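**Student:** Structure provided below as structure tokens; questions to follow.
Any read-out appearing in this document is the output of simple, stated calculations on the displayed coordinates, not a laboratory observation. Nothing here was measured: the structure is a model prediction, and the numbers come from that model. Neighbour counts run over all protein chains shown; Cβ positions are idealised from the backbone, glycine included.
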Amino acid sequence: MPLKDCQIIDLPKITDVRGNLTFVEGNNHVPFDIKRVYYLYDVPGGSDRGEHAHKELHQFVICMSGSFDLVLDDGFEAKRFHLNRSYYGVYVCPMMWRYLDNFSSGSVCMVMASDTYKESDYIRDRGEFLQAVGAA
Ligand code: TYD
């Protein structure tokens, strides 16, 4: 899938004097069934996460607190998203190289994924990724 398919998705926001509420439904707000949720937290300043692609996994990345950048790269072009609100996220399609950086202190990155953790779905070698997408 091309980079243009990886976009910001705005989520419902129920505003209330008691506080705001946002929700995410699989196959409704995000274009896949949600099978797993994981989150990154206590990320030391200056750390980078990611630096890999997934063969088949679809993901949706939300900044739950603080801020960070998500960089997506299809092998030909790259796009940087600055995430700092929890009422939107970025859809990451399969075969997209990604990394996260510029984590603010106390930031929390939540990721919803279309499948359970499978190391065999990762492409961790940049050269192998570029070969696979025909950009080598
Ligand atoms: P990894 O996906 O490489 O981290 P990131 O992309 O955020 O930098 O995962 C780091 C480690 O955690 C790796 O040993 C695999 C393990 N892991 C799981 O066991 N289950 C999971 O759902 C995830 C995302 C990672």
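**Student:** Please build a GNM for the chain, connecting alpha carbons under 10 Å apart, and tell me which residue among N102, N84, N20 fluctuates the most.
**Tutor:** Per the Cα network of the chain with a 10 Å cutoff, N20 tops the list.
**Student:** Neighbour counts of other C-beta atoms within 10 Å: give me S105, S65, S114 arranged from fewest to most.
**Tutor:** In order of increasing Cβ crowding within 10 Å: S105, S65, S114.
**Student:** Another one. Over 17 Å apart: what share of the alpha carbon pairs of region 75-136 falls there, rounded to a whole percent?
**Tutor:** Percent of Cα pairs beyond 17 Å in region 75-136: 53.
**Student:** Identify the trypsin sites (Lys or Arg not before Pro) of region 70-121 meeting these criteria: DSSP loop state and at most 13 other C-beta atoms within 10 Å of the C-beta.
**Tutor:** Those satisfying the criteria are K118.
**Student:** Could you please tell me the mean projected area of the C-alpha convex hull for region 3-132, averaged over all directions and given in square nanometres to one decimal?
**Tutor:** 8.2
**Student:** Would you please give the residues with an amide H less than 5 Å from that of G26, counting only those at least 5 places away or on a separate chain, with H modeled from the backbone geometry?
**Tutor:** I34
**Student:** Can you work out the Karplus-derived ³J(HN,Hα) for every residue in region 63-77? Use 6.51 cos²θ - 1.76 cosθ + 1.60 with θ = phi - 60°, whole Hz, and x for glycine or proline.
**Tutor:** 8, 7, 7, x, 7, 6, 10, 10, 10, 10, 8, 8, x, 10, 9
**Student:** For E51, list long-range residues whose amide hydrogen, built 1.01 Å from N in the peptide plane, is under 5 Å from its own amide hydrogen.
**Tutor:** Sorted by chain and number, the residues that satisfy this are R98, Y99, L100.
**Student:** What list do you get for V133, V30 if you sort them by fewest beta carbons within 10 Å?
**Tutor:** Neighbour counts put them in this order, fewest first: V133, V30.
**Student:** Continuing with the same structure: How high is the FRET efficiency between R85 and Y117 when r is their beta carbon distance and R₀ equals 25 Å, given to the nearest 0.05?
**Tutor:** Plugging the Cβ-Cβ distance into 1/(1 + (r/R0)^6) gives 0.40.
**Student:** Using DSSP to call loops (not H, G, I, E or B), can you name the GluC sites (Glu not before Pro) in region 75-136 whose Cβ has at most 16 other Cβ atoms within 10 angstrom?
**Tutor:** Answer in residue order: E77.
**Student:** Can you count the Lys pairs in region 3-132 whose Cα atoms are under 18 Å apart, with each pair 8 or more apart or on different chains?
**Tutor:** 5
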